[in-house]
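Notes for the one structure printed next.
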Amino acid sequence: MLGQVWRGDHGHQAGLARLLPALDVQPLDETLGRKAGVLLGAAGSTDVIDAAVVVLSRDGDDILTSDPDDLQALARAAGRHLELIAV
């Protein structure tokens, strides 16, 4: 989710801006929101963005995160095996 890391500082976002063309940026639309909500209920969690990241993931994906514990609980509830890399 781009909004989790994008701050708009022109000079400070250069590295991220270079990565954007290689990323598959997905909208948080009604379908994804509903799936994320179901996952949040199953995991007993509350962060919609974390849940959406897990919903969009596939087994074996590497995910960079500052919150590996919450993502691990969501991945477990989704039955996904993810490599969570703390940053």
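Where a number appears in this text, it was derived from the coordinates with a stated rule and is not lab data. Predicted, not measured: the structure shown is a model, and the values here were computed from it. Neighbour counts run over all protein chains shown; Cβ positions are idealised from the backbone, glycine included.
Kindly write out, for region 71-84 in residue order, the coupling ³J(HN,Hα) from the Karplus curve 6.51 cos²θ - 1.76 cosθ + 1.60 (θ = phi - 60°), rounded to whole Hz, with x marking Gly and Pro.
So the J values, rounded to whole Hz, are 5, 5, 4, 5, 4, 4, 5, 8, x, 9, 9, 10, 9, 9.
How do the peptides 52-65, 21-34, 71-84 rank, highest first, by the average count of neighbouring beta carbon atoms within 10 Å per residue? Numbers along the way, then the final one.
On the way: 52-65: 15.9, 21-34: 9.8, 71-84: 17.4.
The densest-packed peptide leads the list: 71-84, 52-65, 21-34.
Mind putting together the pair-distance distribution for the chain? All Cα pairs, 10 Å bins, whole percent per bin, short to long.
Once binned at 10 Å, the Cα pair distances of the chain give 17, 47, 30, 7, 0.
How much mean residue ellipticity at 222 nm does the chain get from its helices, if each DSSP H run of length 4 or more adds -39500 (n - 2.57) and you divide by all residues, to the nearest 500 deg cm²/dmol?
On the way: 4 runs with 40 residues, N = 87.
Result for the chain: -13500 deg cm²/dmol, rounded to the nearest 500.
Taking the Cβ of ASP70 as the center, what net charge do the other residues with Cβ under 13 Å away carry, scoring Lys and Arg +1 and Asp and Glu -1? All intermediate terms of the calculation are to be shown ahead of the outcome.
Numbers: positive: ARG76; negative: ASP47, ASP50, ASP67, ASP69.
That sum, taken over residues with Cβ under 13 Å, equals -3.
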